[in-house]
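> Take this structure first; my questions come after.
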Amino acid sequence: MIEVLPVEKIREKMGQNLGVTDWITIDQVRINAFADCTEDHQWIHVNEKMAADGPFGTTIAHGFLVLSLIPKFSESIGVVPQGAYMAMNYGLNKVRFINPVKVGSRLRDTLSLTGMEEKSGNRILLTTTHTLEIEGVEKPAAIAEMLAMFFVQ
């Protein structure tokens, strides 16, 4: 759930888990479409026959495909400062790709609020940490610190 909150209430949520998203299936169609968009057609991602004999026994998602799902996951969970009329992706502080995502796997995101800065010009910078979990796998696919700049009235 997205919560629209005054800055004081957002501060109270610092360090808290904001929730867990629904699962998204990573199928070969999605992997191939990402390969086409990025022109990254490395065999481990798109050549099912070669990948079957490779180190993972199947194709795997691109790390950046996994990372690119954060905006989708963020549609359902998070906090927004009261009065915000626009938000922009402000970048990433840290990203680690911990575990490969095999084709057919399901991913979800556990999101926590890890930073907030009030900036000049009625802007608020929020940092959220995303733990991208693979269903049935102990270690996550990735952990990323995402920055979002909110413009408030």
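Bear in mind that the values in this text are calculations on the coordinates, not laboratory data. The shown structure was predicted, so the numbers you read here are calculated from the model rather than taken from an experiment. All Cβ positions, even for glycine, are placed from backbone atoms using ideal geometry, and neighbour counts span all protein chains on display.
> In whole percent, what relative contact order does the chain give with Cα contacts below 8 Å and a gap of six or more residues?
Dividing the mean separation by the residue count of the chain yields 30 percent.
> Sequence-distant or interchain residues sharing an amide H contact under 5 Å with E3, placed H: which?
Amide H neighbours of E3, under 5 Å, 5+ apart: G78, V79, V80.
> Read through the labelled values [x] 54, 30, 22; [y] 40, 37, 27; [z] 51, 46, 33 and report the label of the one computed as Cα extents along the principal axes in Å from the structure.
It is the value labelled [x].
> So if we plug the beta-carbon distance of T25 and M50 into 1/(1 + (r/R0)^6) with R0 = 25 Å, what FRET efficiency do we get, rounded to 0.05?
0.65
> Considering amide H positions built from the backbone, and no H for Pro or chain starts, which residues 5 or more places from M116, or on another chain, come under 5 Å of its amide H?
Long-range HN contacts for M116: T127.
> With angles folded into 0 to 90 degrees, how steeply does helix 28-38 sit against the dominant principal axis of the chain? Use alpha carbons for both and round to 10.
Compared with the principal axis, the helix lies near 70 degrees.
> Which cross-chain or sequence-distant (5 or more) residues have an amide H under 5 Å from the amide H of I98, H modelled 1.01 Å from N in plane?
Counting only residues 5 or more places away or on other chains, the set is A142, I143.
> If you average the C-alpha positions of the stretch 65-102 and of the stretch 1-19 separately, how far apart do those two centres end up, in angstrom?
Value for the Cα centre distance between the two parts: 15 Å.
> Hey, what number do you get for the chain at 222 nm if only DSSP H runs of n ≥ 4 count, each worth -39500 (n - 2.57), divided across all residues, to the nearest 500?
The per-residue figure over the chain is -5500 deg cm²/dmol.
> Which value in nm describes the separation of the simple spin-label points at Q16 and E135, placed 7 Å from the Cα toward the beta carbon?
The two pseudo-label positions are separated by 2.9 nm.
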